[in-house]
Protein chains: 2
Amino acid sequence: MSTYKAPLADIRFALFDVLQAETLFSRLGRSEATRDVIDAVLEEGARFNETVLAPLNRIGDEIGCSYDKATGAVTTPPGFREAYAQYVEGGWAGLTAPERFGGQGLPHALGTALKEMIDAANLAWGNFPLLSHGATEALLQHGEPWQQEVFLKPLVDGRWTGTMCLTEPHCGTDLGLLRTRAAPAEDGSYAVSGTKIFITAGEHDLTDNIVHLVLARLPDAPTGSRGISMFIVPKLRVDRDGNVGGANGVRCGAIEHKMGIHGSSTCVLNLDDAQGWLIGQPHKGLAAMFTMMNTARLAVGLQGLGLSDRAYQNALRYARERLQMRSLSGPKFPDRPADPIIVHPDVRRMLLTCKALIEGGRLLGYHASSLLDVIEHGGDDDERAQADALLGFLTPIVKACLTEWGVECTYHALQCFGGHGYIAEHGMEQLARDARITTLYEGTTGIQALDLVGRKIMQLQGAGLKAFLELIEGFCSEHEGNPDLAEFVAPLRDKAGEWQRMTQEIGGRAMADPEEIGAASVDYLFYSGYVALAYWWARSVAAAQTSSQPDAFKDAKLQTARFYYARILPRTLAHKAAIDSGAAPLMALQADRFDA
Amino acid sequence: MSTYKAPLADIRFALFDVLQAETLFSRLGRSEATRDVIDAVLEEGARFNETVLAPLNRIGDEIGCSYDKATGAVTTPPGFREAYAQYVEGGWAGLTAPERFGGQGLPHALGTALKEMIDAANLAWGNFPLLSHGATEALLQHGEPWQQEVFLKPLVDGRWTGTMCLTEPHCGTDLGLLRTRAAPAEDGSYAVSGTKIFITAGEHDLTDNIVHLVLARLPDAPTGSRGISMFIVPKLRVDRDGNVGGANGVRCGAIEHKMGIHGSSTCVLNLDDAQGWLIGQPHKGLAAMFTMMNTARLAVGLQGLGLSDRAYQNALRYARERLQMRSLSGPKFPDRPADPIIVHPDVRRMLLTCKALIEGGRLLGYHASSLLDVIEHGGDDDERAQADALLGFLTPIVKACLTEWGVECTYHALQCFGGHGYIAEHGMEQLARDARITTLYEGTTGIQALDLVGRKIMQLQGAGLKAFLELIEGFCSEHEGNPDLAEFVAPLRDKAGEWQRMTQEIGGRAMADPEEIGAASVDYLFYSGYVALAYWWARSVAAAQTSSQPDAFKDAKLQTARFYYARILPRTLAHKAAIDSGAAPLMALQADRFDA
């Protein structure tokens, strides 16, 4: 069985040494988030995840959720309900929610560290609170006061959970095609009818009520995506005063049989004149949806990170224990029948690839979440606007890269086990199966890449990229003459310059042919992710140097950074060549000739 | 559910237009393998695989093999037994085996085409006959006449199946550690005792008897891999006259619960004074094992190809049917609610990646198998020796690249389905799970890479590489002035030169530090695979030009070759940079600091 130990040393390094969270939180007026408080939350979070959630991961996979056709009820795996009660009891549900709604008002950067632990400990279980966070954000930003009072507070304290009801059988990405309808009722509510699919946490037994946020069309709605509104549709009917009534017209019609995340219920929801409350303006549902979606996209990125870390921890343990063959440069442990496989260069290549992508990815993800704190509490409009542009730019990179790297790291980690990795009892194959959903839901990698290039670069003229390039240039200037960092600063600056030029070239080509956007998109996204990680690795070395970390830790950062620059960053060469080749090689073959 | 249609047009193109099988077989004196015969076998093979094996693929996954603890018996999924009977009835078992042992004596290149179809139709089922082929080769090359009479003939006609019993709990790659013992008995047989794990097809209900080829140590055996002998251990005892007796001391102790290939039994075999017959010389079991292993490695490579093709076919169908979003360059199907997703550049990128790796990979695999025909029937010793060196060089590339590309193609194909790809009913996630074993069994990718660089390049001084480079240079010289091929010939020649130089550099570095071999190995293997495919794509364009294929087919080859050169071949840049960085970035971090 795979085990999990929260990587507190590296989480602390990321928060305190690199991102300088203490200074940041204090500048943002979050004086309650002292180092002591943060440390205590991290310790307690580690304990909860290691001892309560992690041991339930395998049974969640083996038994999964079950569906009762007669009642439409979903039963979660053994222990999930009790773990959720402990989660609520511990105050984890509202950790980062505003205090006025019952939350603890702690920084998002800290919430993200906790989220990483949950995803590593038990991804399937983590999807239940995850969806609540998206609903919380939507209600915070778009809900009327009575809606916040009635629906938001129970989400914050964890008594209820939330969902996002977007997808229908014929439309996932293309929400303009959606057909669910909402007809006005006399009491100011709406009768919502239609079929939604792939609804994560759409039905379960962890809480009595569930707050569905449902996209639907009003009778007078324009066609396409400009005619979509969002509705609050609770599982149990709730009036404006918060009185909970009987069952609403929402029924789970089935749960999906999936490759992984068996402990997560993925539901077909049939809405039949269900009572719904309009949230936000009519026909402006996509704005509220994007609020939820952006929260969820960052959260899914973290899932890739958490799974990678758990997979890496187990592969590392195995590589130290498993004795097989001698080192090519002579026995390293002559007293044993063979050397542990960690002596072999290719096993090290796989482990170091995981380590470099995980620790670099942690900074990518935590930095993005710290921008949420700046956006909410930043000193002036300029700072908030800049953070917003940067976060918008980074969100598709965090979502897509951390999840693709999650697939890659769980692949390498399983591979370190050889044939044993394919056997269920070691738990590695579950991590690989669970990881596979993350590049699909909340927008596939291809959709993230279109958001990055089409929207964040082309439509918004690259304000976020500009902000990130300024971070890189600031760092490079600061360490211009530092001989210990020269091996990183020079190539980082080169890559940043290339990134900027390449972006302009794509923009130029896209003026002539919009297909160039899609043709460049995924390679551009990966290119961006690898340059971003080069920045975080250089900063990690710099931060480690001046930190009070042990020498072994400083050395590990330096050697892993060198590995990253030597072995991973060159992937940008292939991505750049693909981008430079333009749209023609992708578009030339007629659709009917793909199997000519 | 995923469907499968044998890609006969491209199989014929590979065999007849590119590899010029008719000329080859006639030159090798295989006059019975006429085009008519080959066509008839392909047609009939397609029918069998499409209508008998492919429909059993999903039930094989869902129900899997089951194990009866009381009897040690394994029951295969519904329909597997009947399908196997049809396979034997149709004469497929002995398709490429010598006629003197009851086979049909047809060329290996043709057998490989059939094998690809089986792997695509039903990988798990295909593992039962696959293991027989390895046992057949071992008995052909190392068996005494009475062993061939008694054990080989029933394998060739399919009445019995075979296994390879190598792995033990504490040793997979490192067979020098194995502990299974064989004690001489009075009748010339041996009593074999020990525990073997991961024995594919180790127990099942398809045939009455199973021929286990077991590695074990004789009492006087030297330690390590030089003290290993091979034994024939049948499930039912068999004497030298072929009389079948009662149960032998081999019992299946359990079957593994695996990520995929649920229809394949992966067995723990407990041997307790089992009757075994020595095959080959005492202590020389590894030679016989490598005979089996090389056959199995080529066969597993083909598994990656077959799975990729089935996944691609289904993704292509879905991409043509699924309507979602409009093309960025304006609606392509304005009469429909949205465009089919095959209009989007990134969907095309995923599909074309599959197409390029599959069709190029098919030539890589079929060419390697045609070398088996040359080795068996080549005109002179030089030709046979050259083919043998080339095949030895290509075997790890075929095994590792086709399986890694199988993982990649099943990933892309699933990704084309979006969230639907994660749901069991579409069958895409099964293909991804099944593919995951192929980079592990019969030697992981890392082991293939060590075989390639450590043995085939360093120890054997690159004779196989030299032969392959000569093929490339011959092709480039032949098409020197051909303007239609200039876009391929020039970069191919460049890459071939770089390949050669890089090989020499690795050799030079390895003289100083043997860790350089392992450090370069996997990147070198991929680099080799991509250059090999560049050769096969250039040859495909050349062969298509002069063929009688339809224009649409010729165009598809040209456009896919262009895609390959523009978008896939540049991956060599990243692999080269990784190789050039040498061993230091992999070896510098102390083993106890990976989690410092």
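Quick note: the coordinates plus some simple rules give every number you see, no bench work behind them. None of the values given here were measured: they were computed from a predicted structure. Note that we place each Cβ from the backbone using ideal geometry, even for glycine, and neighbour counts take in every protein chain shown.
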Seminar exercise, completed: In whole angstrom, the spacing between the Cα centers of segment B:375-404 and segment B:1-69 equals 22
Problem set entry | Residues B:ARG571, A:ARG349, B:ARG35, sorted so that the one with the fewest Cβ neighbours within 10 Å comes first | B:ARG35, B:ARG571, A:ARG349
For this session: Indicate the gyration tensor shape class of segment B:150-250 (rounded, prolate or oblate), computed on the Cα atoms with a ≥ b ≥ c the square roots of the eigenvalues: a/c under 1.5 is rounded; otherwise a/b larger than b/c is prolate and the rest oblate.
Result: oblate
For this session: On each of the three principal axes of the Cα atoms of segment A:266-390, give max minus min coordinate, whole Å, ordered largest first.
Result: 73, 46, 17
Exercise. Nm distances between the label at B:GLY497 and the same-position labels in the remaining copies, 7 Å along Cα→Cβ, shortest first?
Worked result: 2.8
For this session: Just add up the charged neighbours of B:VAL88: K/R +1, D/E -1, any other residue whose Cβ is under 9 Å from the Cβ of B:VAL88.
Result: -1
Problem set entry | Counted charge near B:ALA247, where neighbours are those whose Cβ lies closer than 10 Å (Asp, Glu -1; Lys, Arg +1) | +3
Seminar exercise, completed: Here the gain from full extension of B:ASP157 to B:ASP381, 0.36 nm per residue of separation minus their alpha-carbon distance, amounts to 77.5 nm
Seminar exercise, completed: Counting other chain Cβ atoms within 10 Å of each Cβ in B:423-433 and taking the mean gives 3
For this session: For segment A:517-596, go through all pairs of different Cα atoms, get the mean of 1/r, take its inverse, and jot down that Kirkwood value in Å.
Result: 15.1
For this session: Evaluate E = 1/(1 + (r/R0)^6) for B:THR23 and A:ALA424, where r is the Cβ-Cβ distance and R0 equals 35 Å; express this FRET efficiency to the nearest 0.05.
Result: 0.10
Problem set entry | DSSP-assigned coil residues among GluC sites (Glu not before Pro) in segment A:104-212, each with at most 13 further Cβ atoms within 10 Å | A:GLU186
For this session: Quick one: P(r) of segment B:359-438 from all Cα-Cα pairs, 10 Å bins, percents rounded to integers, in order of increasing distance.
Result: 18, 33, 23, 15, 8, 2
Problem set entry | Per-residue [θ]222 nm for the protein assembly as shown (sum of -39500 (n - 2.57) over DSSP H runs n ≥ 4, rounded to 500) | -17000 deg cm²/dmol
Problem set entry | Rg/Rg_ref, chain B, where Rg_ref = 2.2 N^0.38 Å and atoms are Cα | 0.97
Problem set entry | Label-to-label distance, nm, for residues given as B:ASP494 and A:THR3 (7 Å Cα→Cβ offset) | 5.2
Problem set entry | Inter-copy label distances at A:GLU62 (7 Å, Cα→Cβ; nm, one decimal) | 2.4
Exercise. Relative to the other copies, what are the label-point distances for B:PRO145, with labels 7 Å from Cα along the C-beta vector, expressed in nm at one decimal and sorted shortest first?
Worked result: 10.3
Exercise. For labels at A:ASN243 and A:GLN504 in the simple 7 Å Cα→Cβ model, what's the distance in nm?
Worked result: 6.7
Seminar exercise, completed: Here the net charge surrounding B:LEU178, from other residues whose Cβ is less than 13 Å away from its Cβ (Lys, Arg +1; Asp, Glu -1), is +3
Exercise. If you count, for every residue in A:348-358, the Cβ atoms of partner chains within 10 Å of its Cβ, what is the mean?
Worked result: 3
For this session: Filter the trypsin sites (Lys or Arg not before Pro) in segment B:169-226 down to the DSSP loop ones having no more than 14 other Cβ atoms within 10 Å, then list what survives.
Result: B:ARG179
Exercise. Other chains' Cβ within 10 Å of A:165-172 residues: what's the mean?
Worked result: 2
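Figure the gain on full extension for B:PHE333 and B:ALA254 (residue separation times 0.36 nm, minus the Cα-Cα span) and round it to one decimal in nm.
My answer for the length gained is 22.9 nm.
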Seminar exercise, completed: Diffusion coefficient in µm²/s returned for segment B:8-152 by Stokes-Einstein, Kirkwood Rh over C-alpha pairs, 25 °C and 0.890 mPa s, is 146
Problem set entry | Radius of gyration and Dmax over the Cα atoms of the protein assembly as shown, both given in Å | 30.3, 96
